[in-house]
Amino acid sequence: MKFRFCGEGDCPDWVLAEIISTLSNLSIENLEQLSDLVAQRICGETFEEAQIKSLTSTLTNEGKTAVACINFMLTSAARYSCSESIFGEEIQQLGLPKDHAAAMCRVLQKHSAAIRQTLINKSFRINELTSVRDISTPGQTPPNYATLELKISQELVDGLPKDTTHVLNIDRAQIKALLAELKLARDVMQKNENKPDS
């Protein structure tokens, strides 16, 4: 089946499984409060970790998959401008009880405009590389390699954006080739940026 809140595509299997096994088993009040907290987090407000834990205390893995599922559902519905009534019908078709669906619709109605604006503002900021540092250490870094530390802003981890740091070893010859390709890409972008509008 195709779903409007999924951009006229299929609903991912993991979301379907999470709706049936987890969201349906939460109380209506807990689902609405949890969805509201997730919506606030999507919009850049601080995520109340303690509140999340208390709302998901009956669930496995500290409710991380429930949070990821709600995050997916709300952002997808907002991204594709899905109305609350269609969203409610579709999540009921996926197995969410009617009253649970109504609770999620209330949250979507309250936050959809803010979520949509946040998505627009962050459209080019998911997985944004913020810094690269050479942290090579003689004796620890393999010969002819460099150890780089990459800091990424808003990397999607378990369906939620987080600031992350990655350390990797890369062949020095590959670094030179990568740098040459990046300079070429920059030149092409600058050339197109300076092109007069036709």
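The values are calculated or read from the model by the stated rules, or taken from the named source; none is laboratory data. As the structure is a prediction and not an experimental result, all values here were calculated from the model. Positions of Cβ are backbone-derived with ideal geometry, glycine not excepted, and every protein chain shown enters the neighbour counts. These accessible areas exclude ligands, DNA and RNA; they are computed on the full protein's heavy atoms, side chains included. Shrake-Rupley method; radii C 1.70, N 1.55, O 1.52, S 1.80 Å.
Below is a table of values for the structure above.
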{"item": "Selection within the stretch 118-148 - under 29 Å from Ile86 (Cβ atoms), open to solvent by less than 90 Å² (accessible area, probe 1.4 Å) and not β-branched (Val, Ile, Thr)", "result": "Leu119, Asn121, Lys122, Ser123"}
{"item": "Residues within the stretch 149-198 that are touching a strand residue (DSSP E or B) at 6+ places or on another chain (Cβ under 7 Å), open to solvent by less than 80 Å² (accessible area, probe 1.4 Å) and either of a type in the set (S, T, N, Q) or over 30 Å from Thr137 (Cβ atoms) (or both), tallied", "result": "5"}
{"item": "The stretch 88-130, subset assigned to a loop (DSSP other than H, G, I, E, B) and touching a residue at least 24 places away in the same chain (Cβ under 8 Å), residue nearest to the chain's Cα centre (by Cα)", "result": "Ile126"}
{"item": "Failed item in (1) in the same structural domain as Leu55 (by the TED database); (2) among the charged types (D, E, K, R); (3) open to solvent by 70 Å² or more (accessible area, probe 1.4 Å), with Glu90 passing the rest", "result": "(3)"}
{"item": "Near pairs, Cβ below 9 angstrom, 6+ apart or cross-chain, from the stretch 169-198 (assigned by the TED database to the domain that holds Val132) to any residue that is in a helix (DSSP H, G or I) and open to solvent by less than 100 Å² (accessible area, probe 1.4 Å)", "result": "Ile170/Leu178"}
